[in-house]
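Enquirer: If you scroll down you'll find the structure; I have some questions about it.
Every read-out reported here was derived from the displayed coordinates using simple, explicitly stated rules and does not represent laboratory data. Since the model is a prediction, treat every value here as computed from it, not as a measurement. As a convention, Cβ positions derive from the backbone with ideal geometry for all residues, glycine included, and neighbour counts pool all protein chains shown.
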Amino acid sequence: MPRPSRTAGAATAALALSLLAAAPAVSGESPAPSARIVAHFDLAAGQTPENIALEPDGSADLTFAFARQIAHVTRHGNTRILATLPAVAEPNTPIVQSAIVLGIARAHDGTLYVNYATGTAETGVWRLAPDGSAPRQIARLPADGLPNGLALDEHRGVLYAADSVRGTVWRIPQSGGEPEAWATGTALDPLPAPASGFGANGIKVHGGAVWVSNTDRGTLLRITVNRDGSAGAGRIVARDLGAVDDFAFPGRGDTVLAALIQDNKVVRVRPDGSRSVLLTQDDGLSNPTSVAVRDRSVYVPSAAYFTGQDPNLLLARLHAQPHRRPEGR
């Protein structure tokens, strides 16, 4: 594996420090049973797993942010690099300054879509076809933005990208083309300095709505999708989460499993606002960045952005009625 440049290392440290300074702690720990580390990655090589999409066989596709790579990891931990996004001569990505690959989404035919942030014309959504051909940019997004989480709605044939810096949800045709600023507003914006500068972050399509986490504000926002595809009313469904990154739904209801990157926790957030801790650093979390759920299996990538130790992929078993100490509303 190639070693990252000093610029990439400095960018990782800057990202870690900004998030660490901005995020309040969440109290109460209750480690979950039957959690194990599936794979360990190379921090020095930029293998910081940022986002995840699951394959039908239970294997995982990950983005390695600072390595600019898309990786495939089996349930037994075997890791294979599927693609590397092209290098950029003078990256100028907001906050981090390095070129980084972030959100990932998978179509039913195996096509993978990723967000690539570079601070140049290469910023946008890229597609990796199942035939293994080189990744190709299908939509440009503003170079002064930071497209982070990515979600696919195959029913409508659109992708949604959460821009952490511009506080915007972009809507992009799945086939590629001109992006639309689908949703904007204070609830998506980052907070001013000395906060981290990361606003809208994780994003999912669920229950006729687009759900977005806001790292600086510690919130989870639900935006209704109107019949014509436009953005409807937005409603904050959870507050005071701390530095929340990406998240997933463990079922058809509105309960959420959220990765708290600074607190090294995954919490269950129920529709009534109550929450409980499912996984902690004791289980192996090292700055968790995202969550994916298949049946009762919970996958959590950890990027080790500011622990500086053991980026990994964790796999745990979700119990139907876990006994966890509630953290309040």
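Enquirer: With springs connecting C-alpha atoms under 10 Å apart, model the chain as a Gaussian network and identify which of Ala65, Ala129, Ala248 has the largest mean-square fluctuation.
Expert: Looking only at Ala65, Ala129, Ala248, the biggest GNM fluctuation is shown by Ala129.
Enquirer: Here's something else I'd like to know. Set Lys and Arg Cβ to +1 and Asp and Glu Cβ to -1, take the dipole of the stretch 185-329 about its Cα centre, and tell me which of Thr186, Val205, Ile261 lies farthest positive.
Expert: Highest projection toward the positive end goes to Val205.
Enquirer: Top mean-square fluctuation among Pro271, Pro179, Pro147, Gaussian network model of the chain, C-alpha springs under 10 Å?
Expert: Comparing Pro271, Pro179, Pro147 in the GNM, the peak value goes to Pro271.
Enquirer: When the Karplus curve 6.51 cos²θ - 1.76 cosθ + 1.60 is applied with θ = phi - 60°, which whole-Hz ³J(HN,Hα) does each residue of the stretch 100-108 get, with x for Gly and Pro?
Expert: 9, 9, 10, x, 9, 9, 10, 8, 4
Enquirer: Provide the convex hull volume over Cα atoms per residue for the stretch 6-317, in Å³. Each step should come with its number before you reach the end.
Expert: Numbers: hull volume 35.7 nm³, N = 312.
Output value, Cα hull per residue: 114 Å³.
Enquirer: Mind listing the long-range amide H neighbours of Leu314? Cut-off is under 5 Å, sequence gap 5 or more, other chains count too, H placed in the peptide plane at 1.01 Å from N.
Expert: Here the answer is Val38, Val300, Ser302, since their amide H atoms fall under 5 Å of that of Leu314.
Enquirer: Something else now. Report, to two decimal places, the Cα Rg of the stretch 145-227 normalised by 2.2 N^0.38 Å (N = number of residues). Could the numbers behind the result be given before it?
Expert: Details: Rg = 12.2 Å, N = 83, 2.2 N^0.38 = 11.8 Å.
Relative to the 2.2 N^0.38 Å estimate, the stretch 145-227 comes out at 1.03.
Enquirer: Continuing with the same structure: Tally Lys/Arg at +1 and Asp/Glu at -1 over every other residue whose Cβ is under 10 Å from the Cβ of Tyr113; what's the total?
Expert: Values: positive: Arg106, Arg127; negative: none.
With Lys, Arg at +1 and Asp, Glu at -1, the net is +2.
Enquirer: Something else: Please give the length that would be gained between Thr84 and Asp282 if that part of the chain were fully extended, namely 0.36 nm times their separation in residues minus their C-alpha to C-alpha distance (nm, one decimal). Display every interim value, and only then the final one.
Expert: Values: separation 198, 0.36 × 198 = 71.28 nm, distance 3.23 nm.
Contour length minus Cα-Cα distance gives 68.1 nm.
Enquirer: Once you charge only the Cβ atoms, +1 for Lys and Arg and -1 for Asp and Glu, what is the size of the charge dipole of the chain about its Cα centre, to the nearest 20 debye? All intermediate terms of the calculation are to be shown ahead of the outcome.
Expert: Numbers: 30 positive and 30 negative charges, 117 e Å.
It comes to approximately 560 debye.
Enquirer: Given the options His155, His40, His72, which has the most mean-square fluctuation in a GNM of the chain, springs set between C-alpha atoms less than 10 angstrom apart?
Expert: Sorting by GNM fluctuation, first place goes to His155.
Enquirer: How about the stretch 109-193: which trypsin sites (Lys or Arg not before Pro) there are in a DSSP loop, with at most 14 other Cβ atoms within 10 Å of their Cβ? Don't jump to the answer; show the numbers that get you there.
Expert: Values: sites: Arg127, Arg136, Arg140, Arg156, Arg166, Arg171; in loops: Arg156, Arg166.
Sites meeting the loop and neighbour criteria: Arg156.
Enquirer: Once amide H atoms are built 1.01 Å from N in the peptide plane, which residues 5 or more positions from Ser196, or in another chain, come under 5 Å H to H?
Expert: Close amide H contacts, sequence-distant or interchain: Ala22.
Enquirer: If I stretch the segment between His206 and Arg227 completely, what's the gain in nm (0.36 nm per residue apart, minus their alpha carbon distance), one decimal?
Expert: Numbers: separation 21, 0.36 × 21 = 7.56 nm, distance 1.47 nm.
Net length gain for the segment: 6.1 nm.
Enquirer: Looking at the square roots a ≥ b ≥ c of the eigenvalues of the Cα gyration tensor of the stretch 157-277, which shape do they give, rounded for a/c under 1.5, prolate if a/b is larger than b/c, or oblate? Could you put the intermediate results ahead of the total?
Expert: Details: a/c = 1.90, a/b = 1.27, b/c = 1.49.
Oblate is the answer for the stretch 157-277, as a/c is 1.5 or above yet b/c matches or exceeds a/b.
Enquirer: Taking every eigenvalue of the Cα gyration tensor of the stretch 245-325, multiplying by 5 and rooting it, what semi-axes result, largest first, whole Å?
Expert: Values: eigenvalues 85, 31, 25 Å².
Working from the Cα gyration tensor, I get semi-axes of 21, 13, 11 Å.
Enquirer: Per-residue HN-Hα couplings for the stretch 264-270, Karplus 6.51 cos²θ - 1.76 cosθ + 1.60 at θ = phi - 60°, whole Hz, x for Gly and Pro?
Expert: Here the 3J(HN,Hα) series is 6, 9, 10, 10, 9, 10, 8 Hz.
Enquirer: Taking every eigenvalue of the Cα gyration tensor of the stretch 239-279, multiplying by 5 and rooting it, what semi-axes result, largest first, whole Å? Could you put the intermediate results ahead of the total?
Expert: Working: eigenvalues 51, 22, 15 Å².
After scaling each eigenvalue by five and taking roots: 16, 11, 9 Å.
Enquirer: What list of ³J(HN,Hα) couplings, whole Hz, do you get for the stretch 111-119 from phi and the Karplus terms 6.51, -1.76, 1.60, once you set θ to phi - 60° and write x for glycine and proline?
Expert: Once θ is set to phi - 60°, the couplings for the stretch 111-119 become 5, 10, 10, 9, 8, 10, 10, 9, x Hz.
Enquirer: Give me the net charge of Pro135's neighbourhood, meaning all other residues with Cβ under 15 Å from the Cβ of Pro135; Lys, Arg count +1, Asp, Glu -1.
Expert: Details: positive: Arg68, Arg106, Arg127, Arg136, Arg140; negative: Asp61, Glu122, Asp131.
Surrounding charge for Pro135 is +2.
Enquirer: Once amide H atoms are placed 1.01 Å from N in the peptide plane, what residues at a sequence separation of 5 or more from Asn148, or on another chain, have their amide H within under 5 Å of its amide H?
Expert: Those lying under 5 Å, H to H, from Asn148 are Ala162, Asp163, Ser164.
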